[in-house]
Amino acid sequence: MAAEESLQLRYEVAWGNMTLAEAKVNYALNDTRYEIEGSGESQGTLAFLFPWKGSARSVGLTTEKGFQVSRHDSEGSFRDRTRRTSVIWRPDEPLPELMAEPESDLTEVTPVPEDATAGTADPFTVLLSTLDRLEQGERCDAEARVWDGRRLYDLKIGHIGRAELVRDRPWTYNGTAIGCSLTYTPIGGFRKDSEWKDRQDEIRRIIWIGRLPNEKMVPVRIELSAPIGKFVGRLYTQ
């Protein structure tokens, strides 16, 4: 890892030829700390039907053992409803502290077991750790318990291997990428009435990670395949 690194990334999320959302991810890290910030909002017809925007930010420590999250903040707005969440991890506390406004409605979502958030990390830190393993020539393979303040789940990352991605838009990535599969087991905070909660085996999630001209390894393509079609997040490379 270089002494100082920073990068700004921009993605389009589409369902077929229909653009659904755009997202931006900025990260900066050095030998002692890291910061990752992401934001996104719905686009096109989806923005008219389901106006949504959100942001999230994680900060933590860079240590010899890897990345250790200190705080994760997120905010999301859907129509006239806004939710704000903060999770703080402290070295001397076994469980992270949660601040949520409003609190999760347990008539709509499953409860989060009181002591199940021990040993967790936020989604950004898990992704950063995966990129670091690949930079070191290792495989994607890992397991983590992920907590963003609203949803808690066990995440399993599998190694698919190398493939040649072909540019399918004038501005997308073209070249060698490493595929990492994502599967998760919900623990708490998921909608009770979700039609997909018992159909996870029908959904396939892959993150393709490639190396940019500046030598940084980043997600260049994200795929979610479900019975209703394939959703793809594409990195703007131009």
- Portion, in percent, of the accessible area of segment 112-151 that falls on carbon or sulfur, probe 1.4 Å: 44 percent
- Message: Against the empirical 2.2 N^0.38 Å scaling, what ratio does the C-alpha Rg of segment 35-118 come to?
- Response: 1.33
- Message: Spelling out what I want: for every residue of segment 54-65, take phi, set θ = phi - 60°, compute 6.51 cos²θ - 1.76 cosθ + 1.60 (Karplus), and round to whole Hz; glycine and proline get x.
- Response: x, 8, 8, 8, 10, 10, x, 9, 9, 10, 5, 8
- Item | Within the chain, helix-based [θ] at 222 nm, where runs of 4 or more DSSP H residues each add -39,500 (n - 2.57), nearest 500 | -2500 deg cm²/dmol
- Query: Roughly speaking, what % of Cα-Cα pairs in segment 1-142 are separated by over 27 Å, rounded to a whole number?
  - Reply: 33 percent
- Accessible surface of ARG204 in the full protein assembly, 1.4 angstrom probe, to the nearest 10 Å²? 140 Å²
- Message: Give me the percent relative contact order of segment 87-238, please, defined on Cα pairs under 8 angstrom at least 6 residues apart.
- Response: 19 percent
- Task: Please build a GNM for the chain, connecting alpha carbons under 10 Å apart, and tell me which residue among GLU35, GLU97, GLU12 fluctuates the most.
- Result: GLU97
- Query: Largest first, what is the accessible-area ranking of TRP15, TRP171 with a 1.4 Å probe?
  - Reply: TRP15, TRP171
- Item | Which labelled figure in [x] 8, 29, 27, 17, 12, 7, 1, 0; [y] 7, 27, 30, 22, 11, 3, 0; [z] 7, 28, 40, 21, 3, 0 is P(r) over Cα pairs in 10 Å bins from 0, in percent, once derived from the coordinates | [z]
- Query: Of SER86, TYR173, TYR27, which is farthest along the charge dipole of the chain in the positive direction, counting Lys and Arg as +1 and Asp and Glu as -1 at C-beta?
  - Reply: TYR173
- Message: So with the 1.4 Å probe, I'd like the accessible area per residue for the chain, rounded to whole Å².
- Response: 58 Å²
- Item | Phi-based couplings in Hz for segment 73-84 (Karplus 6.51, -1.76, 1.60; Gly and Pro marked x) | 10, 9, 8, x, 10, 10, 6, 9, 10, 10, 10, 10
- Message: Viscosity 0.692 mPa s, temperature 37 °C: give me the Stokes-Einstein translational D for segment 144-234 in µm²/s, with Rh taken as the Kirkwood radius over C-alpha pairs.
- Response: 222 µm²/s
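The values are calculated or read from the model by the stated rules, or taken from the named source; none is laboratory data. Keep in mind that this is a model prediction, so the values were computed, not measured. Because the Cβ atoms are built from the backbone with ideal geometry, glycine has one as well, and the counts that use them run over all protein chains shown. Accessible surface is based on the protein model in full, side chains and every heavy atom, while ligands, DNA and RNA are left aside. Shrake-Rupley method; radii C 1.70, N 1.55, O 1.52, S 1.80 Å.
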